[in-house]
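These notes are about the structure you will find just below.
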């Protein structure tokens, strides 16, 4: 059913907390996401022309890089991983004509039942974040499942029961947990670091939160200006410098 | 947005078919005699059905299209499907009584007219509901869809009925008024679209990344060097390249030409032929208008690319 579920008291809101301060932009989460999800939930994540001139394909997680220039400091690069935010008011769910898109009442994960998806693409149009992509071969909508086939998987070691992107991140920039529970590690992290919503004005109420980059230390080192006027102190060079200055 | 030909064809032709059904239901003058009735019914039915069939061509899995009738409680696309099928069923009953018994049922007609309006409204709402595309999210979107549907219906009704009189005035005159009104709405739509940007929600690269509080944000590097589904579907640029020329074509063939033809037709000479040419011109003009409706629309995902 593509009506959004009633919020049950005590229900979980599973999601990710992504630390923009520590992300190094290595794309390991992107690759491990593709690797896990091409063999796991639903149809494989296909590529077209993967070794040719115009490679393209479906990915559930992509890392953009942005340049941010504060008014009074040098520009900085922020690597920005982006996947489904598992919104509380997910517009992608309610527009679905078939009931293929749904949000789970018990943990808030937004999923697509690929056998019911007609591939109309309207959910991707309704998502402001670009979190949904049609698989070029299977022609069904693909999206982050929060690795629903890992996090509840009794057949893998307990420490692996987190989304593939979280497990693989070498910088530990990705955290997984229950954002409905104010005592969870992720909720504490969000409270402590001022976790933010992306495009809150769209009214989607994302579950995933982003931790802003920590303020950079202000640079007090002298600027490069002195280098423009080099001065030789002593020796032959010093004499030559002074002599030529006097000319 | 990527302008899919099947969707452009769907919105224009189904709009024409339902516009014609709307007028039939109101009891608008239609041709007399078996052959004339058959042509009128076939034209209305074919336009609506061809449009709806075409809409399934852009689906990844058209064989599952029947599932789209299930989620009418939340989805405008589903509502559109349900309403279209309901309208066609009423139309079928209306057509049966008319063709075989020469009876134009007023009761069925009113239901068909209301259902036709509702169907076209639902088609427009598929687009107008999207907060991600501020250009579309306005009451002007359904207003334009309904007005163009009515204008197409009137031109076709004029052609079919040999410019039948309503309230003492030829259908061509009614159609001219409808076309001018529809384009007035469309001008308001274009005017709004030209300046709206992302101002309805206030979204920006800064809010999309949450980094706007730190300073000026601009994209440094895309996630992949090549194109992807999102850039092809939402960040479509090529369609906008000829926007000015397409606007001229849309207004020329969709407004100026049909109105001139119909004013000539109001004189009574060769009116059926003139109205036939006018309806084709209007259809082509509206294909250009609908192309721009999609091609010029900017999606919020644009802010990430």
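Nothing in this text is a laboratory measurement; each read-out follows from the coordinates by a stated rule. Since we're looking at a predicted model, the values are computed, not measured. Here Cβ is always computed from backbone atoms with ideal geometry, including for glycine, and neighbour counts include all displayed protein chains.
How high is the FRET efficiency between residue B:100 and residue A:154 when r is their beta carbon distance and R₀ equals 60 Å, given to the nearest 0.05? The formula returns an efficiency of 0.35 here.
For peptide B:51-64, the mean count of partner chain Cβ atoms within 10 Å of a residue's Cβ comes to 4.
Springs between Cα atoms under 10 Å define the GNM used for chain B, and in it the highest mean-square fluctuation of B:12, B:259, B:180 occurs at B:180. Counting only other chain Cβ atoms within 10 Å of each residue's Cβ, the peptide B:248-260 averages 0. Kindly state, to the nearest 0.05, the FRET efficiency for residue A:72 paired with residue B:180, given R0 = 45 Å and r defined as their beta-carbon distance. Plugging the Cβ-Cβ distance into 1/(1 + (r/R0)^6) gives 0.20.
Relative to the longest principal axis of the Cα atoms of chain B, the long axis of helix B:140-160 lies at roughly 30 degrees.
Take each residue in B:296-303, count the other chain C-beta atoms within 10 Å of its C-beta, and the mean is 3.
For the stretch A:91-137, relative contact order (Cα pairs under 8 Å, six or more residues apart, normalised by length) works out to 36 percent.
The helix-only estimate of mean residue ellipticity at 222 nm for chain A, built from DSSP H runs of length n ≥ 4 each weighted as -39500 (n - 2.57), is -5500 deg cm²/dmol after division by the residue total.
Axis angle, to the nearest 10 degrees, between helix B:5-26 and the longest C-alpha principal axis of chain B: 40 degrees.
Once every DSSP H run of n ≥ 4 in chain B is given -39500 (n - 2.57) and the sum is divided by its residues, what mean residue ellipticity at 222 nm do you get, rounded to the nearest 500 deg cm²/dmol?
-21500 deg cm²/dmol
Averaging Cα coordinates gives a centre for the stretch A:14-61 and one for the stretch B:41-120; these two points are 41 Å apart. With the simple model of a label 7 Å out from the Cα in the direction of the Cβ, residue A:247 to residue A:218 spans 4.4 nm. As a length-normalised measure over Cα pairs under 8 Å and 6 or more apart, the relative contact order of the stretch A:99-219 settles at 12 percent. Sorting A:214, B:247 by the number of Cβ atoms found within 10 Å of their own Cβ, with the fewest placed first, yields A:214, B:247. The angle between the Cα long axis of helix A:235-246 and the main principal axis of chain A comes to about 80°, on a 0 to 90 degree scale. With the cut-off at 1.5 for a/c, could you classify chain A from its C-alpha gyration tensor as rounded, prolate or oblate? Prolate. Size of the stretch B:66-214 from its Cα atoms: along the principal axes, largest to smallest, the extents are 74, 39, 18 Å. Structural descriptor for chain B: relative contact order 24 percent, calculated from alpha carbon pairs under 8 angstrom and at least 6 residues apart. Each of B:75, A:187 has some number of other Cβ atoms within 10 Å of its Cβ, and from fewest to most they run A:187, B:75. Approximating the spin labels as points 7 Å out from Cα along Cα→Cβ, the residue B:200-to-residue B:63 distance works out to 3.7 nm.
In this rough spin-label picture, where each label sits 7 Å from Cα along the Cβ direction, the residue B:218-residue B:245 distance is 3.1 nm. Taking a ≥ b ≥ c as the square roots of the eigenvalues of the Cα gyration tensor, an a/c ratio of 1.5 or more together with a/b no larger than b/c marks the stretch A:158-221 as oblate.
Considering only B:94, B:145, B:229, the mean-square fluctuation computed in a Gaussian network model of chain B, springs between alpha carbons under 10 angstrom, is largest for B:229. Seen from all directions on average, the stretch B:139-286 presents a Cα convex hull projection of 11.7 nm².
Given springs between every Cα pair under 10 Å in a Gaussian network model of chain A, which of A:66, A:80, A:176 has the largest fluctuation? Of the options given, A:66 has the highest mean-square fluctuation.
Reported value for chain B: 140 Å³ per residue, from the convex hull of its C-alpha atoms. Expressed in units of 2.2 N^0.38 Å, where N is the residue count, the Cα radius of gyration of the protein assembly as shown is 1.21.
Taking a ≥ b ≥ c as the square roots of the eigenvalues of the Cα gyration tensor of the stretch A:89-228, is the shape rounded (a/c under 1.5), prolate (a/b larger than b/c) or oblate? Prolate, since a/c reaches 1.5 and a/b exceeds b/c. With neighbours defined as other Cβ atoms within 10 Å of a residue's Cβ, the residues B:236, A:79 order from fewest to most as B:236, A:79. Taking the alpha carbon gyration tensor of the stretch B:1-131, multiplying each eigenvalue by 5 and rooting it gives semi-axes of 28, 15, 13 Å, largest first.
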